[in-house]
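Undergrad: Structure in structure tokens, see below.
Each reported figure results from applying straightforward, stated rules to the coordinates on display, with no laboratory input. Note that the structure is a prediction, hence the values are computed from the model and not measured. Glycine gets a Cβ as well: all are built from the backbone with ideal geometry, and neighbour counts include every protein chain shown.
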Amino acid sequence: MSTIATDLRVKIRPAQERGHADAGWLKSAHSFSFASYFDRNNMNFHNLRVINDDWVGPDGGFPMHPHENFEIFSYMLEGALEHKDTMGNGSTVHKGGIQFMSTGTGVQHSEFNPSSTDETHLLQIWLIPDRKNTTPRYEMLELSEEARNGKLQLFLSQDGRDGSIRTEAAADIYSGKLDGADTISFELADERAVYVHVARGEVQIGGQTLTDGDAIEAEGKGILELTNGKGAEVILFHLSPRG
């Protein structure tokens, strides 16, 4: 049985409590207040501002629109996403890929599902940066199956270590996969907090079974254990203290 140390403060965030939107070509679940879904008590968790679980229909997408002073990335679960921006970038990211923008002083971009037959499934995630009005940047990264099977692969960090993308947000973000006897342990030893989002599958955290779209918030000190996975894919956010 997995355990959570008693000095950790943990809150379960059930998937069914998320806000939902259906625009036909886009079906989305919002972990935090976004667009037409508003809850003043659910605006963010530390510097994690947005997790949108998006299903984009064939040929659907977002036309050119602006962002500034957010760190934004797309975490691809199925299908493909075509990106263009006013920095001159044009690329397509596929399942297992990360598409990242540090929007700083401002950038416009568009995102479309390039397939005429298949849906695209992604998580779009926004972080609040430590520094504002920086020069916008765009990067892509392919996640490694080997590096995250039963383990955590760091793919976004403030210092860009271990081959991760550098972000202006005070955050380390990991991807992990668990099946069967796999166990992932993560230590909280400072004033930072952890948010774990279950992208798909099933996993136990502290004896609680979580499935697609569920999440937990953890603060304090101790060991957070993830175990008993069944095709589980998780994103673990190690976030800054509250400002």
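Undergrad: Anything in the range 82-95 that is more than 18 Å from His67 (Cα to Cα) and buried (at least 17 other Cβ atoms within 10 Å of the Cβ)? List them, or say none.
TA: So in the range 82-95, the residues more than 18 Å from His67 (Cα to Cα) come out as 91-95.
Matches in the range 82-95: Val93 only.
Undergrad: In the list Leu141, Leu123, Leu154, which residue meets the criterion of being in contact with a helix residue (DSSP H, G or I) (Cβ under 7 Å, 6 or more places away or on another chain) and part of a strand (DSSP E or B)? Before you say what the answer is, go through the steps one by one.
TA: On the way: Leu141 fails: in contact with a helix residue (DSSP H, G or I) (Cβ under 7 Å, 6 or more places away or on another chain); Leu123 fails: in contact with a helix residue (DSSP H, G or I) (Cβ under 7 Å, 6 or more places away or on another chain).
Just a single option satisfies the conditions, and that option is Leu154.
Undergrad: Another question, then. Would you be able to say whether some residue in the range 121-132 is surrounded by fewer than 18 Cβ atoms within 10 Å (Cβ to Cβ) and over 19 Å from the mean Cα position of the chain (by Cα)?
TA: yes
Undergrad: Could you check Glu168 against (1) among the acidic types (Asp, Glu); (2) closer than 28 Å to Gln99 by Cα; (3) in a strand (DSSP E or B) and say which number it fails?
TA: Of the numbered conditions (1) among the acidic types (Asp, Glu); (2) closer than 28 Å to Gln99 by Cα; (3) in a strand (DSSP E or B), the odd one out for Glu168 is (3).
Undergrad: Another question about this same structure. In this structure, is Glu168 touching a residue at least 12 places away in the same chain (Cβ under 8 Å), touching a Pro at 6+ places or on another chain (Cβ under 7 Å) and of a type in the set (D, E, K, R)? Steps first, please.
TA: On the way: touching a residue at least 12 places away in the same chain (Cβ under 8 Å): yes; touching a Pro at 6+ places or on another chain (Cβ under 7 Å): yes; of a type in the set (D, E, K, R): yes.
Considered against the rule, which asks whether it is touching a residue at least 12 places away in the same chain (Cβ under 8 Å), touching a Pro at 6+ places or on another chain (Cβ under 7 Å) and of a type in the set (D, E, K, R), Glu168 comes out as yes.
Undergrad: Which of the residues spanning the range 195-214 are of a type in the set (D, E, K, R) and out of contact with any helix residue (DSSP H, G or I) (no Cβ under 8 Å at 6 or more places or on another chain)? Give the derivation first.
TA: As a first pass, look at the range 195-214 and keep what is of a type in the set (D, E, K, R): 200, 202, 212, 214.
Within the range 195-214, Arg200, Glu202 meet the criteria.
Undergrad: Could you list, in sequence order, the residues of the range 199-243 that are farther than 19 Å from Glu145 by Cα, among the small types (Gly, Ala, Ser), in a strand (DSSP E or B) and over 17 Å from the mean Cα position of the chain (by Cα)?
TA: Gly220, Gly222
Undergrad: Quick check on this structure: which one of Ala181, Ala170, Ala147, Ala199 is closer than 17 Å to Leu239 by Cβ and surrounded by fewer than 23 Cβ atoms within 10 Å (Cβ to Cβ)? Break it down into steps so the answer makes sense when it comes.
TA: Numbers: Ala181 fails: closer than 17 Å to Leu239 by Cβ; Ala147 fails: closer than 17 Å to Leu239 by Cβ; Ala199 fails: closer than 17 Å to Leu239 by Cβ.
One residue alone meets the criteria, Ala170.
Undergrad: Which residue out of Ser175, Ser157 is free of Cβ contacts under 8 Å to residues at least 40 places away in the same chain, surrounded by 14 or more Cβ atoms within 10 Å (Cβ to Cβ) and either charged (D, E, K, R) or closer than 19 Å to Ser74 by Cβ (or both)?
TA: Details: Ser175 fails: free of Cβ contacts under 8 Å to residues at least 40 places away in the same chain.
Testing whether each residue is free of Cβ contacts under 8 Å to residues at least 40 places away in the same chain, surrounded by 14 or more Cβ atoms within 10 Å (Cβ to Cβ) and either charged (D, E, K, R) or closer than 19 Å to Ser74 by Cβ (or both) leaves just Ser157.
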